[in-house]
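Asker: The structure's right below; bear with me while I get my questions together.
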Amino acid sequence: MGSPCLQEVELFFGRGVIIRRLASLGGFGLLVMLAPLVLDEIYHLELLFLCHYYVMLACSWDLLTGFTGNVNFGHAFFIGGAGFAGALLNKHLGFGPWLTLPAGAVLAAFCGLIVGSFTLRLRGPYFAAVTFCFAALLYKWIMIRHEIFGGEEGLSGLDWLTPSPLGNYYLSALLMLGSVAGLYFLSRSSFGLALRSIGQNESTSQGSGIDTTRYKIIAFVISASIAGLAGAMYGHAQMHVGPEMAHDSLSSLVLMMAVVGGMGSIIGPVIGAYLLTLVNESLRFMGELRLLIYSAAVVVVILFAPKGLLDLFLRAGERLRGLRQG
Amino acid sequence: MSTLLDILVLGTLWGSLYTLISVGFTLIFGVAGIINLAHGAFYMLGAYLGYTFMSLLGIHVVLSAAMAIVGTSLAGAVVERLFIKPMRQNHAYVLLITLALALLFQEIMYVFFGPHGKAVQDFLTGELLLGNVRVTYQKLLTMVVSWISVAALWVFIKTTRTGKSISAVAQNLDAAVLVGIQPEKVYLLTMGISAALAGTAGVLIAPILEAVPGMWAFPLFKAFAVVIIGGLGSLEGAILSAMLLGYAETLVSRLVSANYPDMVYLVAIILILVLRPRGLMGRRAQ
Amino acid sequence: MKRKGFLTVLGMVFLLALSTQPSQAANRDFDKAKTIRIGSLGPVQLPQGQGIHNAAKMAVEEINEAGGIHGKKLELFVGDTEGKPEKGITAMKKLVLEDKVDVLIGCYSSGVALAIQPYLPQYQIVYMATGTASIDLTNNVKKEYEKYKYFFRNMINSDIRQQKWAAKFLVEFVHKKLGYKKIAILAENAKWVHQYAPALKKDLEDAGLEVVFYEMFDVDVKDFSPTFAAIRGKGAQWIAQIVSHAASIPLVKAWQDSQSAPMGLCDVQGMDSKFWEMTGGKCLGEITYNFIARAPLTEKTIPMWDKYVKLFGTNPVYTTGFTYDGVYMLAEVIRQKKSLKSKDIIDGLEKISYKGVLHPEIGFDKESHDLLEGRYVMPMVQWQEGGKQVVVWPEQFKTGDFTPPPWWKK
């Protein structure tokens, strides 16, 4: 396969681009870390925590779907699955978050491996249908075995993630920045290139000797593990996990964030996650109309900016630069 | 013995409903190659329109139903023209925009009608006792109308010129164009028919269940299952698997518990896709 | 080298930010407070939630008209839980962190209350639960008093109290008075029923009745025809339904269509006055217990009921009575103690004996903070012709006679 080594990437893209990209990521990271100095209301910290959570979900989803074109309709399988696994480990075995978070990630990765091995040889709508089915089955099972999972009301009374909302903010920020950076550089490596070529034309890629199924499985596993990590993290921060974490509406929500932001770029989903989470919150005063406006906006964006807002911004930027030069 | 009769009756009822919901879904895939995730939303629209005309405006049942179906069909045409046509080349985007539309439809219904279930009156009152099952005339009507609709569709496609042009586009687009058929018109018509069928199902089922903003999901999932099991693009496959699904679910509900029938279609999809991806009667080429 | 410096700066920023602690909400100084803020939790779109918010509104307005608490007016803030734990947590945080309320009241779903409970010691705020029935909530207080002492519940818990009352009704009325023996138990599998249903089955069997059908169905189920066909097949003479969150409307419609057996025990959605309209009249004959009725439970009940109907155009629901009394009790304690500190409010509530609309002597157990035993009534209400809700049991509060469904021959 070839490990995603920075030298290879530099050779392909040119040194300057790497430094610039590291700097912008670093800048973003600094902004995230410094934010609490300005926003000290618990309310704001918790809202941004939510953004970190959704960023992890949207970016991890993007790695598979955005690059290979195989639409994953069951991301909630990993989010809810790891969330509940972590919760059960916490409640029954007393494992703290420092154990349950990695455990959630590993479990999700393992499930991703199993599910992926069976299903990633299917293409197009079939893979989408199967991922949906796995998530829906998990959700049903969670609801039926209510004595284990708490049914509709989930499991409460989990240990808190860290002793304070500020601590939660920073831990989630670190996990989020780590995930984004990791996914980003992965996507810019030869591995990412392979995924992209699969997305362009799977048959051709297969013809040129790439084991497309293996690449897809690895991407799926990485995608799953980050989603699982995020799910376990969220459960502890809320001190509660519920079946909504495994529901198809969460899969749809994450998908929308990535699409609106711009699939296939890792950065697009970051934008989409922040934007949709913050907009959702700020529209709260609209009461009943909020979700209506929200979903109408999503339709508009997909229709007029199908490559996402990131693409829109980049093209606008280019045009501005073009105007200045020309 | 009476248990078997119950299962037969209820299974036929649900199988017929699933057939009605799924034929439109498989039609649009077979013809235009797209998966319309807003299909369930048309079903929902039919139910709510039926509610509006019948319960809110007090219009006569038959007229209300007809208006609801026509309304849904028009909505289908609008969706096709405005949202699907620009995206048609990229299947993934059609999936995404129809999903986004379904969610939007849900919110629109929520704003207009609220989250509570809306009750709709039965079209016919009275019932039949078969074994332990009281089958209301409403449910019988649903079955009968489902079958009439499917049969009408069949006849339309096999005999009329327009119907045959739909079939032609489904089988070989280039050849159809060569013969002078305009694919855009066919897509529009097919979507209209597909939506009308879904809307009919919605109008019929509203008195039996209730009209809620989230009701678009269940028919979509069932239609998807039926179509995958039967084979994408195969009308006969859809009918067969719809009936099978209806019986299977009723069987599980009676013999196990009411909690499990909703898992049948999920397991069925996975099994089919792992063992025989083209479905029971699907074409071999993908 | 550049990377090392970057990380050091990051580390310093991290430490610096950790040192700043955001401000607390509750436990304000009473004298300095201009108004007293009450946070009401409940699903705004559901009747049970509206019952909570309306009752709180009515109580707050009455207290303000009477001069407030030592001249300070009460302010009400509403949090929409949508009946779901995740949304409930968000709503509660909004009330506590943004609106900065002094006390919390309400909530309809036990799952939501359980999700909120762990936050009470974090925010150190008192919460009076007025719509949640699960015994786990008050068991938590008993088990870990220091942590959960902020939680009080003046509603009737389901696991023991409702269950015992249900058994009493089925044995004394359905069995002894009507002469039926074969009972079907049809319950939703939500938290509040987990102990309730099996214990009910046992109590009935111990009293000599026969439970011919017993199912705990998933809250998502919408098609009940096979279920009622099965109940009919088993020859049940009475159906004891236990539903609150599930789809009551399709369930009741399927029941009426099935003409299987009379149904009566607990249908929370069926308590609502609009239920007749929502089922198209198909709830005719259904019985459900309620926690409030237009009956003289105390001399305050009927005047409060009538005023509520006048103000809101609909009957009170079960959460209304508890919330109304709850707000008054909190106000009474704050008035007595002249304090908004949680420890004072807790002390006051543990000692209170209050004459409300539901019972003349409402008080709390010191260890579990649950409503004291015997301080409640649960009238059985039947839907009768024309959409009338008639109290058929217990005898002393009856407003009419039990009428079986028209198709029931025996």
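Asker: So is C:Gly386 surrounded by fewer than 21 Cβ atoms within 10 Å (Cβ to Cβ), at pLDDT below 95 and in a helix (DSSP H, G or I) or not?
Answerer: The answer is yes for C:Gly386.
Asker: Look through the stretch B:77-121, keep the residues that are of a type in the set (D, E, K, R) and surrounded by 19 or more Cβ atoms within 10 Å (Cβ to Cβ), and return whichever of them is nearest to C:Pro47 (Cα to Cα).
Answerer: Only one residue fits best here, namely B:Lys118.
Asker: Now for a different question. Would you check which residues across the stretch C:319-348 are out of contact with any strand residue (DSSP E or B) (no Cβ under 9 Å at 6 or more places or on another chain) and either basic (Lys, Arg) or closer than 30 Å to C:Asp267 by Cβ (or both) and list them?
Answerer: C:Thr320, C:Gly321, C:Tyr324, C:Lys337, C:Lys341, C:Lys343
Asker: Something else about it: Let me spell it out: the conditions are (1) closer than 18 Å to A:Glu46 by Cβ; (2) in contact (Cβ under 8 Å) with a residue 24 or more places away in the chain; (3) of a type in the set (Val, Ile, Thr), and A:Val279 meets all of them except one. Which number is the exception?
Answerer: For A:Val279, the failing item is (2).
Asker: Select from the stretch C:22-50 the residues that are at pLDDT below 85 and small (Gly, Ala, Ser) and write down the one among them that is nearest to C:Val327 (Cα to Cα).
Answerer: Among them, the one singled out is C:Ala26.
Asker: For the stretch B:168-201, which residues satisfy the criterion of being part of a helix (DSSP H, G or I), of a type outside the set (A, V, I, L, M, F, W, C) and within 19 Å of B:Arg88 (Cα to Cα)?
Answerer: Selection gives B:Gln171, B:Asp174, B:Pro183, B:Glu184, B:Lys185, B:Tyr187, B:Thr190, B:Gly192, B:Ser194.
Asker: Taking the stated definitions as given, is C:Val193 in contact with a strand residue (DSSP E or B) (Cβ under 6 Å, 6 or more places away or on another chain) and surrounded by fewer than 24 Cβ atoms within 10 Å (Cβ to Cβ)?
Answerer: The answer is no for C:Val193.
Asker: Could you tell me whether any residue of the stretch C:335-348 is β-branched (Val, Ile, Thr), assigned to a loop (DSSP other than H, G, I, E, B) and surrounded by fewer than 23 Cβ atoms within 10 Å (Cβ to Cβ)?
Answerer: No, every residue in the stretch C:335-348 fails to be β-branched (Val, Ile, Thr), assigned to a loop (DSSP other than H, G, I, E, B) and surrounded by fewer than 23 Cβ atoms within 10 Å (Cβ to Cβ).
Asker: Out of all the residues in the stretch C:317-328, is one or more touching a residue at least 40 places away in the same chain (Cβ under 8 Å) and outside any helix (DSSP H, G or I)?
Answerer: yes
Asker: I need the full set of residues from the stretch C:234-250 which are more than 10 Å from chain B (Cβ to nearest Cβ), out of contact with any helix residue (DSSP H, G or I) (no Cβ under 9 Å at 6 or more places or on another chain) and either farther than 16 Å from C:Trp408 by Cβ or modelled with pLDDT under 90 (or both), in order please.
Answerer: Across the stretch C:234-250, there are no qualifying residues.
Asker: How many residues, within the stretch A:160-193, are at the interface with chain C (Cβ under 9 Å from one of its Cβ atoms), outside any helix (DSSP H, G or I) and within 24 Å of the chain's Cα centre (by Cα)?
Answerer: Looking only at that region, the number is 1.
Asker: Taking the stretch C:166-185, which residues are farther than 13 Å from C:Ala207 by Cβ and surrounded by fewer than 20 Cβ atoms within 10 Å (Cβ to Cβ)?
Answerer: Across the stretch C:166-185, the qualifying residues are C:Lys177, C:Leu178, C:Gly179, C:Lys182.
Asker: Quick test of your reading of the structure: C:Ile231 fulfils all but one of (1) touching a helix residue (DSSP H, G or I) at 6+ places or on another chain (Cβ under 6 Å); (2) within 12 Å of another protein chain (Cβ to nearest Cβ). Name the failing condition by number.
Answerer: (1)
Asker: Let me ask another. Could you check the stretch B:230-281 and list, in sequence order, the residues that are farther than 30 Å from B:Ala152 by Cα and either in contact with a strand residue (DSSP E or B) (Cβ under 9 Å, 6 or more places away or on another chain) or away from chain C (no Cβ under 14 Å) (or both)?
Answerer: Those that are farther than 30 Å from B:Ala152 by Cα and either in contact with a strand residue (DSSP E or B) (Cβ under 9 Å, 6 or more places away or on another chain) or away from chain C (no Cβ under 14 Å) (or both): B:Ser257, B:Ala258, B:Asn259, B:Val267, B:Ile270, B:Leu271, B:Leu273, B:Val274, B:Leu275, B:Arg276.
Asker: Okay, moving on. Can you tell which of A:Gly264, A:Gly272 is more than 12 Å from every other protein chain (Cβ to nearest Cβ), within 26 Å of A:Ser24 (Cβ to Cβ) and touching a residue at least 40 places away in the same chain (Cβ under 8 Å)?
Answerer: A:Gly272
Asker: Hey, among the residues in the stretch A:140-159 that are of a type in the set (Gly, Ala, Ser) and buried (at least 24 other Cβ atoms within 10 Å of the Cβ), which one's nearest to the other protein chains (Cβ to nearest Cβ)?
Answerer: A:Ser156
Asker: With the condition kept exactly as written, say whether any residue in the stretch B:215-231 is modelled with pLDDT of 90 or more, within 25 Å of C:Trp255 (Cα to Cα), part of a helix (DSSP H, G or I) and among the hydrophobic types (A, V, I, L, M, F, W, C).
Answerer: No; the residues of the stretch B:215-231 include none that is modelled with pLDDT of 90 or more, within 25 Å of C:Trp255 (Cα to Cα), part of a helix (DSSP H, G or I) and among the hydrophobic types (A, V, I, L, M, F, W, C).
Asker: Right, here's the next one. Can you find a residue in the stretch C:350-368 that is within 13 Å of C:Tyr127 (Cα to Cα) and buried (at least 23 other Cβ atoms within 10 Å of the Cβ)?
Answerer: There is no residue in the stretch C:350-368 that is within 13 Å of C:Tyr127 (Cα to Cα) and buried (at least 23 other Cβ atoms within 10 Å of the Cβ).
Asker: I would also like to ask the following. Scan the stretch A:140-167 and report the pairs whose first residue is free of Cβ contacts under 8 Å to residues at least 40 places away in the same chain and whose second residue is not in a helix (DSSP H, G or I), with Cβ atoms within less than 7 Å and a gap of 6+ or a chain change.
Answerer: Hits for this filter: A:Ile144/B:Asn259; A:Ile144/C:Asp218; A:His146/C:Asn189.
Asker: Moving on. Could you give me the residue pairs with C-beta distances under 8 Å whose first residue belongs to the stretch C:391-410 and is free of Cβ contacts under 8 Å to residues at least 24 places away in the same chain, whose second residue is part of a loop (DSSP other than H, G, I, E, B) wherever it lies, and which are 6+ apart or on separate chains?
Answerer: Final answer for the pair search is C:Pro394/C:Val377; C:Pro394/C:Pro379.
Asker: (1) buried (at least 19 other Cβ atoms within 10 Å of the Cβ); (2) part of a helix (DSSP H, G or I): which one isn't true of B:Gly279, the others all being true?
Answerer: Of the numbered conditions (1) buried (at least 19 other Cβ atoms within 10 Å of the Cβ); (2) part of a helix (DSSP H, G or I), the odd one out for B:Gly279 is (2).
Asker: Would you say C:Thr319 is surrounded by 24 or more Cβ atoms within 10 Å (Cβ to Cβ) and more than 22 Å from C:Val174 (Cβ to Cβ)?
Answerer: Judged against the criteria, C:Thr319 is a match.
The values are calculated or read from the model by the stated rules, or taken from the named source; none is laboratory data. In this text the structure is predicted, and so the values were computed from the model without any measurement. Please note: Cβ atoms are built from the backbone with ideal geometry, for glycine as well, and neighbour counts cover all protein chains shown.
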